[in-house]
Every structure is written in structure tokens, then in C-alpha cells.
Amino acid sequence: SASRDGRFLAVHAHETNTPDGEVWIVDVRRGGKSRAGIESAHFDFPVWSPDSTQIVVSSGRRGLFRATVGARTAPESIYSAHLDGQPSDWSRDGEWVIFQAVSRPNGDQDIWALPMKGPREPQPLVRSQFDERDGVVSPDGRWLAFTSNESGRREVYLQPFPGDGRKQAVSVEGGAGPRWDDKGRLYYWSAARQIVRVSLRSTAQSLELSEPEPIVPQLEMIDQNFVFESGSAPYVVLPNSEGFVRVNNTSDVDDPMHVVINWLSLITWRD
């Protein structure tokens, strides 16, 4: 997740070889990194506050927590009614944290908006028998983009925010991981392993979408753990049109192991 000022990334990683992993803060310009100060739990899915000073994270099975970046204080629990909640966005006016959670036993995920002021009573945004996730609010606060599998495969949709149930398909032949840029253009990760961009033109009566435009071609270097059907999107859009950050698998952990037999016969003995 990229901070609104474009300076930092919040990254979930397993650099200390712990089963749960950690949240790290990466300085995009200088290249340094540091622990986010969130310890002793499986914190994941970080999203930044509009002023780039705080992050909201999922705790695995304890709900949503808020932490001040660089502070020594423990993260604050802000919502625990959905213990499996996973944040996906923090609206730019600071009013709402968007998260996904399972609403019914043995059900799929739905999308909710948690108010950050006043009583913490979440509002359902997209709730159905299908799996919905990755809700992100447009910079002007008018639109919610999200992923749903209601068509039988993952596609990206748009609906008004906070939403009245009317939605419009955005992606063509598969899409996941919607992201907005500062100009209000919408990106998504296509089933063809491309980053695709769509421009919006809205009036009081209608919403027009441009043809999907591939921006970044085949991403063959993306970690193969990011399977399209999983709904994960291994990239973020940086603010101020500075570019993209995507995930590469550069770890040596997945390198093949070579076993050499009869290795003594390969040694040339010398006196």
C-alpha cells in the first residue's frame, strides 16, 4: 500500500522468518526500510490514512487495528465485530475505512464501510451470495470500484459511493485488484496478466467508460503465488502519476535444490 504523499510503502513480509510475518515501512525515494512497530500478531493488509501518518491493518482473527507510523505505542483496536475483516482502502476525506469480511457462516466476503468518526457502526456497501472484495473509493469520493465473481469469474465493477446497489461492469474478460490514480482513472489487473486503465466520464444522468487500455504488458516476473483467481493484485499505483510498484519473486527460498552424487569422483587429487 502506497502512502498518499508517495514517499512510503507499507508492506507485509516475512523477513524475520516468522510464521505470521511483519509490516514494514519502505522509503520509496531513499530505499531504506523499518519495522512499522506492529508486533506480536499476524497484522496484514495495511492501508494508509490520507495524511500518511497512520495505517489500518487486519490482525488475522482479532478485527481491525490502527497504528501511528513511527510511534512506540501499541496499535489501537478500532473494530472487532468482524474478526476476519481485511481493510482495502481509506477514503481521501478520512471518513471511511473500506474492508471486506465474511458476513454469514460459510459465506463469501462482502464489502463494508467503517466510519472513522462517531460510532463505529459499519455500513454494508456490496453484500450478496457472491464473493466481493478490494473495494476502493475514487479520489472525488463518488465511486466505489470492487471485484466480484458473480459472473462466474472475477470482474471489476463500479457503483456509486456510499452506494445504492446499481453497478456497472468495468473489466472485460476478467479483472481484479482495482486501483485509482490521482486523476480519477481506474486501473485493474487483467486475466491476461496486464495492468489495464479505464477513464471515466460521468454526468448527473450517466457514466461513460473508455475502452480498457493495457498500460503495463505481460507481467511474467510477478510471483506465481499471485494467482488471478485468488483475487490478489500484486501492484500499487503511486501518487502523482509517478508509476507503479509490483511484486517480484526475488527470494532464494524457491530456487531448486541440486544434488550431486558420486562427487568424490569429480575431485582432481594433487600431491
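The values are calculated or read from the model by the stated rules, or taken from the named source; none is laboratory data. Not measured: the values here are computed from a predicted model. FYI the Cβ positions are ideal-geometry reconstructions off the backbone, even for glycines, and counts take in every protein chain you see. When the accessible area is computed, the model is the full protein with side chains, heavy atoms only, and any ligands, DNA or RNA have been set aside. Shrake-Rupley method; radii C 1.70, N 1.55, O 1.52, S 1.80 Å.
Would you mind stating whether E220 is part of a loop (DSSP other than H, G, I, E, B) and at pLDDT 70 or above? Walk me through how you get there before you give the answer.
Numbers: part of a loop (DSSP other than H, G, I, E, B): yes; at pLDDT 70 or above: no.
For E220, the condition - part of a loop (DSSP other than H, G, I, E, B) and at pLDDT 70 or above - is not met.
Strands (runs of 3 or more DSSP E) fully within the stretch 76-151 that include at least 1 residues being under 15 Å from S58 (Cα atoms) and open to solvent by less than 50 Å² (accessible area, probe 1.4 Å): 76-79, 86-90, 96-102, 109-115, 132-137. Within this structure, R197 passes the test of being within 18 Å of the chain's Cα centre (by Cα) and modelled with pLDDT of 70 or more.
Take the residues of the stretch 171-180 that are touching a residue at least 24 places away in the same chain (Cβ under 8 Å) and open to solvent by 10 Å² or more (accessible area, probe 1.4 Å): which is nearest to N240 (Cα to Cα)?
W180
Only a single item in (1) at pLDDT below 90; (2) within 15 Å of F244 (Cβ to Cβ); (3) loosely packed, with under 14 Cβ neighbours inside 10 Å is not met by K183, and it is number (1). Residues of the stretch 23-58 that are over 16 Å from the mean Cα position of the chain (by Cα), assigned to a strand (DSSP E or B) and modelled with pLDDT under 85: K33, S34, R35.
For residues that are among the charged types (D, E, K, R) and out of contact with any helix residue (DSSP H, G or I) (no Cβ under 8 Å at 6 or more places or on another chain), scanning just the stretch 154-180, find the one that is modelled with the lowest pLDDT. Ranking the qualifying residues of the stretch 154-180, first place goes to D164.
Which of the residues belonging to the stretch 59-75 are assigned to a strand (DSSP E or B) and either of a type in the set (F, W, Y) or under 16 Å from R120 (Cα atoms) (or both)? Please lay out each step first, then the result.
Going through the stretch 59-75, the residues assigned to a strand (DSSP E or B) turn out to be 64-68.
L64, F65, R66, listed by residue number.
Kindly evaluate D255 against the criterion of being at pLDDT below 85 and open to solvent by 50 Å² or more (accessible area, probe 1.4 Å). Here the answer is yes, as D255 does meet what is asked.
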